[in-house]
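The values are calculated or read from the model by the stated rules, or taken from the named source; none is laboratory data. Only a predicted model underlies this, so the values are computations on that prediction, with no experimental measurement involved. Note: ideal-geometry Cβ built from the backbone for every residue, glycine included; neighbour counts use all protein chains shown. Just the protein is used for accessible areas: all its heavy atoms, side chains included, with ligands, DNA and RNA removed. Shrake-Rupley method; radii C 1.70, N 1.55, O 1.52, S 1.80 Å.
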Amino acid sequence: QVQLVESGGGLVQAGGSLRLSCVASGRTFSTYTMAWFRQFDKEREFVARITRNSNSTYYAGSVKGRFTISRDNVNNAGYLQMNSLKPEDTAVYYCAADAHYIGTYYGSYNYWGQGTQVTVSS
């Protein structure tokens, strides 16, 4: 089991930046793939993911070049740096983790945080 807690959301103007954090507790975070998803309707949309040892990252096309995913296994934390934010980035952002899956489908991630709201004003 791993517990995830996100923080860092808020209100920002278009073009601004935010950094989301995801702190993990429980079993060793370093053995889990970590991902970020967002939800502004009924379905959660993949944003980015990073493998357990940070040797591979992958981004949704809509955020590539603007968002950066990273992790700090020593401190059991993951991050999503979001730059050049747009109003369409407004959503609840979720941190997710899984011991085996490294893809982009939200249904295959077993562990989730509670979400943090990001609102981008125009």
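The figures follow:
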read-out	value
Matching residues, region 14-31, being in a strand (DSSP E or B), at pLDDT 95 or above and open to solvent by less than 60 Å² (accessible area, probe 1.4 Å)	18, 20, 21, 22, 24
Of all residues making up region 1-13, the number that are modelled with pLDDT of 95 or more and in a loop (DSSP other than H, G, I, E, B)	2
Where a residue in region 31-47 is under 17 Å from residue 7 (Cβ atoms) and its partner, wherever it lies, is open to solvent by less than 10 Å² (accessible area, probe 1.4 Å) and of a type in the set (S, T, N, Q), with Cβ under 6 Å and at least six apart	none
Hits in region 40-82 - residues which are crowded, with 21+ Cβ neighbours inside 10 Å and assigned to a loop (DSSP other than H, G, I, E, B)	63
Near pairs, Cβ below 8 angstrom, 6+ apart or cross-chain, from region 57-70 (more than 18 Å from residue 90 (Cα to Cα)) to any residue that is open to solvent by 30 Å² or more (accessible area, probe 1.4 Å) and in a loop (DSSP other than H, G, I, E, B)	58/104; 70/54
